[in-house]
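Data block below; observations after.
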Amino acid sequence: MIAFGCPITEPPDFERYALPGIRLAAEPDSEVLAMGSAGSIFRNFNLILDRVKDREDLEVLVLLHQDTEIVDPDLCPKLREAFTDPDIAIVGCAGAVGVRSIAWWEGSVNWSGFMHRYHEEGGGDIPALTWDPGDVPPFASLGEVDTIDGFLMGMSPWAVRNLRFDETLGKLHGYDLDICLQARAAGKKVVTGDFRAIHHHDLDMIHQVDGWVEAHIKVAEKWEGKVGDVGTGAGDWKHRARRAEAEAAAERMVAFAAEHIWNARVQARDNKIEDMETSLSWRMTAPLRWVKRQVLRVLGRA
């Protein structure tokens, strides 16, 4: 039996995105565990794990966000095939190698089978790396990774029984890298799978920035020197801290400059419009524009 678990903080999002996708992918005997908020995504996921850890018929537990829409009707057979290797603990549809922090996308992303769909500014899509099977870049490949993106992941029965999300890290961020590092520290594998999903998420990529920073620090301190390259980089920790501080200051200056450039462009546009509307030619042609508007109004009524 393949079970689906989803923490819920916004029921309309769950009903609009996660639930239809679960219905598309689920099998007749699949169990759906929709968990109301218990304070943090870490806690919610752990409660779901505890609900199914003793199920002898469990093949895979699929954990997903409430704004994740599964669009692959073959998800279950693909997961079942991936977990034929008993050493695999976690499977996701996006992952990277060379990961040093919870900003896993700064590593080498070698597979991304999800599309980011936003609804601001009229809506749009940020396409996935591998969404079109006929246009997969040559560097994209399925296989073992350092971590997967936790918005949609499958966990083996071993992982469900032996791993838990570290609730000391915060409420929202860093849980996916940490759980993958736990699996790898136990000698298990984390891999990417070829299945499709849509993550309905606004363009504000990181919510609760203070919490993200805190989780970034805690995960680095927890795993530095233990698994892979987490927490490492050029120089000692003091050099990296100063460099990070300098980079943050530079980014703030770039954002400050960009805001002023944008304001200058808007002001220049407004000045041009004002110059045009106060010019002699604009005033002289005003009667013609009035006649045109009347004609268009008459034609519109007709």
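Assorted remarks:
- Cross-link table K171/K226; K78/K226; K53/K189; K78/K222, entries beyond 22 Å C-alpha to C-alpha: K171/K226; K78/K226; K78/K222
- Counting every C-alpha pair in the stretch 2-233, the share spaced more than 28 angstrom apart comes to 24%.
- Fully extended contour minus Cα-Cα distance, from E120 to V97, at 0.36 nm per residue: 5.1 nm
- Nearest-ten-degree value, helix 175-185 long axis tilted from longest Cα axis of the chain: 30 degrees
- For L33, the residues whose amide H sits under 5 Å from its own are F4, G5, C6, ignoring neighbours fewer than 5 places away on the same chain, with H placed 1.01 Å from N.
- At q = 0.18, 0.27 Å⁻¹, base-10 log of I(q)/I(0) for the stretch 1-70 (Debye sum, equal scatterers on each alpha carbon): -0.63, -1.24
- Top of H201, H173, H216 by mean-square fluctuation, Gaussian network on the chain, Cα under 10 Å: H201
- Using the Karplus relation 6.51 cos²θ - 1.76 cosθ + 1.60 with θ = phi - 60°, the per-residue 3J(HN,Hα) values for the stretch 190-204 come to 10, 9, 9, x, 8, 9, 10, 7, 10, 9, 7, 9, 6, 6, 7 Hz, with x marking Gly and Pro.
- The stretch 136-150 - phi-based ³J(HN,Hα) in whole Hz, Karplus 6.51/-1.76/1.60, Gly and Pro as x: 7, x, x, 7, 7, 7, 6, x, 6, 9, 6, 7, 10, 7, x
- C-alpha long axis of helix 286-301 to longest principal axis of the chain, angle in °: 60 degrees
- Across the stretch 56-117, the convex hull enclosing all Cα atoms gives 138 Å³ per residue.
Quick note: the coordinates plus some simple rules give every number you see, no bench work behind them. Note that this is a predicted model, so its numbers are computed, not measured.
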